[in-house]
Amino acid sequence: MKFVYDFHEGNKDLKDLLGGKGANLAEMTNLGLPVPPGFTITAEACKEFLKNGTQVDGLGAEIDEHLATLERDMGRRLGDANDPLLVSVRSGAKFSMPGMMETVLNVGLNDASVDRLSRQAGGNDRFAWDSYRRLIQMFGKTVCEVPGHEFEDALHEAKVAKGVKDDVQLDADDLRALVTAYKKVFVKHTGHEFPQDPREQLDLAIAAVFRSWNADRAVLYRRQERIPADLGTAVNVVAMVFGNLGSDSGTGVAFTRDPATGEQGVYGDYLSNAQGEDVVAGIRNTLSLADLERLDKKSYDELMQIMATLEGHYRDLCDIEFTIERGKLWMLQTRVGKRTAAAAFTIASQLVDEGVIDLDEALIRVSGAQLGQLMFPRFDLSGDPSPITRGVGASPGAAYGEVVFTAQRAVEVAAQGKQVILVRRETNPDDLPGMIAAQGILTSRGGKTSHAAVVARGMGKTCVCGADEMEVGPASFTVGSHTVNEGDVVSIDGTTGRVYLGEVPVRPSEVVQYFEGDLDPAQANDPLVYAVHRIITHADEKRRLTVRTNADTGADAARARRFGAQGIGLCRTEHMFLGDRRELVERLILARTEAERDDALATLLPLQRADFLDIFREMNGLPVTVRLIDPPLHEFLPSLEELAVKVAVAHEHGQRVEHDEQMLAAVRRMHEQNPMLGLRGVRLGLVIPGLFAMQVRAIAEAAAALAAEGGKPRPEIMVPLVGAVQELETVRAEAEKIIAEVLGSSGSAGSSASPGGSAVEILIGTMIEVPRAALTAGQIAEAAEFFSFGTNDLTQMGWGFSRDDVEGAFFWRYLELGIFGISPFESIDTDGVGRLVRIAAEEGRAARPGLKLGVCGEHGGDPDSVHFFHEVGLDYVSCSPFRVPIARLEAGRAAV
Ligand code: ADP
Ligand code: MG
Ligand code: MG
């Protein structure tokens, strides 16, 4: 196997092998751009190295060969004390892992060659000693695990001793002394001298970069970003060019467009007389690229030209690293740049305008997750508040409230009607009630997979975690000079991770205003709104999947329709039994005679009918899937404990409370150990006579009423929790009879009846949410005109864990261990639960061609899941109103 590629041999499509950095260095080399010569050791070599823990067979010889070429190109040799060649040894994996792995600059320098380096530089001693001290510092830290702060301390002392602030104010003698100090630090921690053999330095640095793939922070980062753990990193060996040769030299970073807004123009920072990471490290104030134009017009012009070449070539925003060595420009890195969600949309749209890409590609370059971010309410930052600290934006949103430090206080203060932000070092399952009560959650420890982050995302609650500058105490936290006490107000931004003191005002995002129809994209004069409009319109043209919404009220239905929903995929009827109607449910449950029960049902009927009519009206002309009642009836009754206490207290006082006693007996009778697996869904319909019948009648009558008004109702009756076709057949037979009665036809549901002239068609189908239903889908399809996959329950029952109990209890641990990369409730587990969906879709359609297939679990609005549902051939997805645009976009992306 070939382990080493010269830059001339690679190209940008070889990222698997050469890593992003190596592949793009090769691409730039082949474009004829000024890249210092070098070569890339493949990620395969890294994998071998990590597997065996020793040098890889044959790698040394290949390195020799490529090093020889590099030396020829440069006219200098590594280890030549008279005219040394220096190189950098740079990590670079397939996916960018910013700052997670290591890079060592100036490899090849030693006590003997430092003077010669000075001579190469025209007698620049300062530069030579500066380069040497950087090598010892980076090599010590990266290769030999010397604590970095020891070097920083020594540098700081040198500056203090001299009474200066900037590194550049240290002269050659100061730096020579610093090298001596650094070497002492090195010996103290490693027990040996700093290695003087340049080839040994090189080999050790390469091995260290390989090992940095498995550094704790890299492992953690990969898990959070769901980057596979077995890719390995490539290593780039690059001839050094020097930005620290004086004021005619420098180093910088630049973007071809603004990565925050997508605006065209030149964005970048430049630092003269500096090397490598000085720019990002923020050790001195940087200059803008406009300043560079003033300082060195020739290099600036060339840089502009190269940036235009790169944009044209990559057809996208690029970010770059460059260095100027005595007026000569060198390119050290480029890649298609990361960008904010807003910039992703505006750039894609601009590139279409510029004729660089077409709309299909624009659609591919944005994502539902990005659109989701643009829909969260945002802080109005026009008052320019400055954040007191920053953590990981773990669950998006903008929240403010009074700070509390315990879950209990969160609950108490929230109960007074106040908004609270729960601040913890980290959260654990005991904090759950406080997290529910809080507006947002702020922690000082943990990343995107911490308990706080996972639970907050699950709840859709704003969360900033890992704000590690914060010192969290029992009743206050401090950060820098600020002390924030309980009751003080903070604002947290779950997208950017920023934390502000006081209340920052919140406003709905422009993108939501657009979806609401309050912003005309043509008039809005807002490039973002225009871009979203244009791209989602294209998605609508391309997608095969229809997008429906989950809505239980007319108001939700109306909003979802504005957001583009093409029907209701799940209308739950449970809430129609709450509030004032609870009493009717109690009467139903306590009924001792058929007459009492019928009476209760008869009272519920008109109420349900009115609910349905409202929804059918809002969705006039579009399908509405109504799910018959699903949860166990005792959920509508008072709690067993409370009732038992109440009755006991009454008896204590010698009182009889007949109603409560009856109720208590009923609650006891209905009490279940595992209500999730108990008497619910179709089972309820089969056990309580008349309940489903009443609901079916209400649906049919509401449909008839709308038709009589001249509307076009399209109800679909959905039977929940079916596991066997016999269950569905039983419900169906009864439903068909009622529909025929109401609509006055022969009684076969699925066919039309004509009250008052206009045809009404009512479909009857089932949810597929019990694994057995998925596995017997061929049989069930005989009795169903449609399937709707209830992937929440299918996930619960497929995995055997209760959603309400497990997410806060142990999912964080599962994520930490990599058992799953994402909660299977958030994104469908394609291997397991997804397989059930696939089987049911195939076997259902085989038994009944044209069987309508949809999904109504939370997954219907999850980007990855939408792609899966597209691929398995469903007809529609259904999701909460706010997710409708996201599903539209992703369904379009799945189709191009
Ligand atoms: P990262 O991936 O963290 O950006 P890099 O490998 O890009 O690490 O290197 C760190 C810094 O050193 C960057 O600023 C880069 O431009 C600079 N650098 C790397 N190689 C060289 C080189 N051969 N000559 C000059 N500067 C270099
Ligand atoms: Mg870099
Ligand atoms: Mg269900």
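The values are calculated or read from the model by the stated rules, or taken from the named source; none is laboratory data. Just so we're clear, the structure is a prediction, and the values are computed from it rather than from any experiment. So basically every Cβ, Gly included, is an ideal-geometry build from the backbone, and we count neighbours across all protein chains shown.
Structural remarks
- Of the helices (runs of 4 or more DSSP H) entirely within the range 242-346, those holding at least 2 residues that are away from ligand 2 (no atom under 16 Å from the Cβ) occupy 289-295, 297-314.
- Of the criteria (1) closer than 27 Å to T233 by Cβ; (2) without any contact (Cβ under 8 Å) to a residue 40 or more places away in the chain; (3) within 45 Å of the chain's Cα centre (by Cα), which one K188 fails: (1)
- Elements of type strands (runs of 3 or more DSSP E) contained in the range 465-507, each with 1 or more residues being without any contact (Cβ under 8 Å) to a residue 24 or more places away in the chain: 476-479, 482-485
- Within the option set Q662, Q608, being assigned to a helix (DSSP H, G or I), in contact (Cβ under 8 Å) with a residue 40 or more places away in the chain, surrounded by fewer than 17 Cβ atoms within 10 Å (Cβ to Cβ) and in contact with a helix residue (DSSP H, G or I) (Cβ under 7 Å, 6 or more places away or on another chain) holds for one residue only, Q662.
- Scanning the range 387-423 for residues being outside any strand (DSSP E or B) and touching a Cys at 6+ places or on another chain (Cβ under 6 Å) gives a total of 1.
- Members of the range 426-450 that are of a type in the set (A, V, I, L, M) and surrounded by 22 or more Cβ atoms within 10 Å (Cβ to Cβ): M435, A438, I441, L442
- Which numbered condition G337 misses (of (1) crowded, with 22+ Cβ neighbours inside 10 Å; (2) in contact with a Pro (Cβ under 6 Å, 6 or more places away or on another chain); (3) of a type in the set (G, A, S)): (1)
- Count - residues of the range 716-730 that are away from ligand 3 (no atom under 14 Å from the Cβ), of a type in the set (V, I, T) and either buried (at least 23 other Cβ atoms within 10 Å of the Cβ) or part of a strand (DSSP E or B) (or both): 1
- Residue satisfying condition, being in contact with a Phe, Trp or Tyr (Cβ under 7 Å, 6 or more places away or on another chain), modelled with pLDDT of 95 or more and crowded, with 24+ Cβ neighbours inside 10 Å, within set V404, V454, V423: V423
- From the options V682, V667, residue that is in contact (Cβ under 8 Å) with a residue 12 or more places away in the chain, among the β-branched types (V, I, T) and farther than 21 Å from T625 by Cβ: V667
- Count of residues meeting criterion [touching a helix residue (DSSP H, G or I) at 6+ places or on another chain (Cβ under 7 Å) and surrounded by 21 or more Cβ atoms within 10 Å (Cβ to Cβ)] in the range 756-797: 21
- Only residues that are of a type in the set (S, T, N, Q) and more than 9 Å from ligand 1 (Cβ to nearest atom) were counted across the range 84-110, and they come to 1.
- Residue check for F882: in the same structural domain as T549 (by TED's automatic domain parsing), part of a helix (DSSP H, G or I) and under 22 Å from Q566 (Cβ atoms): yes
- Any hit, the range 800-822, residues being in contact (Cβ under 8 Å) with a residue 60 or more places away in the chain and either assigned to a strand (DSSP E or B) or not assigned by TED's automatic domain parsing to the domain that holds L677 (or both): no
- Restricting L363, L310, L317 to residues that are within 16 Å of ligand 1 (Cβ to nearest atom) and buried (at least 21 other Cβ atoms within 10 Å of the Cβ) narrows the list to L310.
- Selection status of P396, in contact with a Gly (Cβ under 6 Å, 6 or more places away or on another chain) and not assigned by TED's automatic domain parsing to the domain that holds F882: yes
- The condition (being outside any loop (DSSP other than H, G, I, E, B), exposed (fewer than 15 other Cβ atoms within 10 Å of the Cβ), basic (K, R) and touching a residue at least 24 places away in the same chain (Cβ under 8 Å)) is satisfied by just one residue among R582, R559, R544, R548: R582.
- The single residue among L706, L684, L679 that is in the same structural domain as I615 (by TED's automatic domain parsing), touching a Leu at 6+ places or on another chain (Cβ under 9 Å) and closer than 18 Å to L578 by Cα turns out to be L684.
- Unmet criterion (only one of (1) part of a loop (DSSP other than H, G, I, E, B); (2) at pLDDT 95 or above) for G123: (2)
- Scan the range 1-40 for residues that are within 13 Å of ligand 1 (Cβ to nearest atom), part of a loop (DSSP other than H, G, I, E, B) and of a type in the set (A, V, I, L, M, F, W, C) and the total you get is 1.
- The residues in the range 676-693 that are out of contact with any Phe, Trp or Tyr (no Cβ under 9 Å at 6 or more places or on another chain) and crowded, with 22+ Cβ neighbours inside 10 Å can be counted, and the count is 2.
- Where D614 falls short, out of the listed (1) without any contact (Cβ under 8 Å) to a residue 60 or more places away in the chain; (2) of a type in the set (D, E); (3) surrounded by 15 or more Cβ atoms within 10 Å (Cβ to Cβ): (1)
- Condition check for N82: in a loop (DSSP other than H, G, I, E, B) and closer than 18 Å to P198 by Cβ: yes
- Leading residue by the ranking (nearest to L86 (Cα to Cα)) among those in the range 218-241 that are at pLDDT below 90 and hydrophobic (A, V, I, L, M, F, W, C): A218
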